[in-house]
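The values are calculated or read from the model by the stated rules, or taken from the named source; none is laboratory data. All values derive from a computational prediction rather than experimental measurement. No Cβ is skipped: glycine too gets one built from the backbone with ideal geometry, and neighbour counts run over all protein chains shown.
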Amino acid sequence: MRQYPSIFNDVIGPVMIGHSSSHTAASLRIGRVIRQLAGNRAVKSVKFSFDRESSLATTYSSQGSDIGLLSGLLGFETDDIRIPDAHVYAGEAGIDYSFEVKDIGLGHPNAYYVDFTCHNGKRLTLTAISAGGGMIEIIDYLGFPVSIDGGFFETLIIGSSTQTAAIAAKIKEAQPGKHIISIFEKKGDSLINIKSEQEFKLDLPDIELTQIKPVMPVISQISPRIPFVTAKEIIEYSKFYDNSFWELAVLYESIRSGLSAEAVMRKMTAIVDTLRQSLAAPDNKEIKDRILPNQARLIEGNHNVLGGSFNKNVIKYVTRFMDIKTSMGVFVAAPTAGACGCLCGCVFALGEELGLCNDDMAKALLSAGLVGVIIAHHSTFAAELCGCQAECGAGSGMAAAACAGILMAPVNTCLAAASMALQNILGLVCDPVGNKVEVPCLGKNILGAFNALACANMAVSGYAEVIPLDETIAAMDEVGRSIPRELRCTGLGGLSTTKTSLRILKEGQ
């Protein structure tokens, strides 16, 4: 069952430490699911495998999948300060682990094949994917084609086909409508997968069952009745209700998450507070395997910046958030780690320029989140699937809506700004230098920020987007999936294969 995107699950978040949301945060969540399957304790041994043709084959170590997986096995949260040293902590916990690249077969570019042994000697296998922006899905468990995305409470029961059919019938009769039951068959055996919004109570003596708690911040719902999930639907809705763009975002997330409107606002304001705290931390933390030292201090020390103090602040804040990410500080993936500076840098630069309070900045992030919901539902935030246009491009479109919202623009204008910004970045490739999320990521974030500001000004001035946002997102998805694999975060094309990049990669190994 595919859930509608949540602003806090899919778009503005996770709050994290690490190189990449699709690598570090997503793999950590996969590790936390594995830990629960192993009885809520670290596994005894585990082998992680990646297909030779996948994106992870070349990036799992340089972009933090290894430390994410081990952190999840240890029960860490996505913002745990121990994440960078996960190898050390895994060794101290006695986990026997290995990473292997081999020929497995064509599949998802972010697929994790996991073979692990629990402390009771039981051996288990699963296949998981990172879907972009920290989102995950377990797509195979012990050979059964499951779908576990970390949003529900999950109960798994394995037995003979006859046995499980009787159990499923008993559950449906005793607790109708409170859960989703799926049954998967495999050579005479069956797996019952029960999804519920609360921990599922089941009294079945002599039946072995496994229960998994959600690893996402917002729990999924059995039947959410969201009001809109396209730009066209938002515009139609706004014809009858006098809501600003950020208020529509609150409405959507309140219905999707089950949180009150006040709770949604508090949650986003807390994210603004987290970002402020990260900005206030000293910027002298260096990581030995980085390509770039902290860069924000360079623009701060330049007193001859074209465009004056505001342009300087845009570059400063975008860079500062990228510096925080790269130096393993706490930041917010919005919508991804690789694109974390674009939106947040825009909002904080405008906050300083216009004297915005935390609530105003939270409203801007909510506006951005609503555009992100449309993108997440109809396309992806994964560069491995659609190139950097799905990360910095999406971030720029979201930031354009946030900027227009700050200018009190009407709903259709916010959507127009987002569409124009996305149109300008179609085809943007992902070609990380040295397989690290630094270069040209920083420059693309700054590019996306200024693109957003320009498009917000254009939209508010009455410029026409011509192509509606829904059609632009569809075009973005089509273009992205046609970008050669080598230019979708594999380190096999573009700047990644220049002489200098290959030298940096070799020096970092």
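Worth a mention:
- Given (1) polar (S, T, N, Q); (2) without any contact (Cβ under 8 Å) to a residue 40 or more places away in the chain; (3) buried (at least 18 other Cβ atoms within 10 Å of the Cβ), index of the condition Ser257 fails: (2)
- Only listed residue being β-branched (Val, Ile, Thr) and surrounded by fewer than 24 Cβ atoms within 10 Å (Cβ to Cβ), chosen from Thr58, Thr24: Thr58
- Qualifying residues in segment 485-496 (those that are at pLDDT 95 or above and closer than 8 Å to Val433 by Cα) - the one surrounded by the fewest Cβ atoms within 10 Å (Cβ to Cβ): Leu495
- Identification of helices (runs of 4 or more DSSP H) wholly contained in segment 391-508 with 3 or more residues that are more than 24 Å from Ala249 (Cβ to Cβ) and touching a residue at least 40 places away in the same chain (Cβ under 8 Å) yields 441-460, 469-482, 499-507.
- Listed by first and then second residue, the pairs with beta-carbon distance under 6 Å, at least 6 apart or on different chains, first residue in segment 31-46 and part of a loop (DSSP other than H, G, I, E, B), second among the small types (Gly, Ala, Ser) and at pLDDT 95 or above, are Ala42/Ala93.
- Test for Ile83: is it in contact (Cβ under 8 Å) with a residue 40 or more places away in the chain and surrounded by 18 or more Cβ atoms within 10 Å (Cβ to Cβ): yes
- Test for Thr269: is it in contact with a helix residue (DSSP H, G or I) (Cβ under 8 Å, 6 or more places away or on another chain), modelled with pLDDT of 95 or more and of a type in the set (Ser, Thr, Tyr): yes
- Residue satisfying condition, being of a type in the set (Gly, Ala, Ser) and either surrounded by fewer than 18 Cβ atoms within 10 Å (Cβ to Cβ) or part of a strand (DSSP E or B) (or both), within set Gly18, Gly107, Gly72: Gly107
- Within segment 317-353, the set of residues being free of Cβ contacts under 8 Å to residues at least 40 places away in the same chain and either at positive phi or hydroxyl-bearing (Ser, Thr, Tyr) (or both) comprises just one member, Tyr317.
- Glu352 assigned to a loop (DSSP other than H, G, I, E, B) and either out of contact with any Lys or Arg (no Cβ under 8 Å at 6 or more places or on another chain) or crowded, with 17+ Cβ neighbours inside 10 Å (or both): no
- Out of Thr125, Thr164, Thr155, sole residue that is surrounded by fewer than 17 Cβ atoms within 10 Å (Cβ to Cβ) and outside any loop (DSSP other than H, G, I, E, B): Thr125
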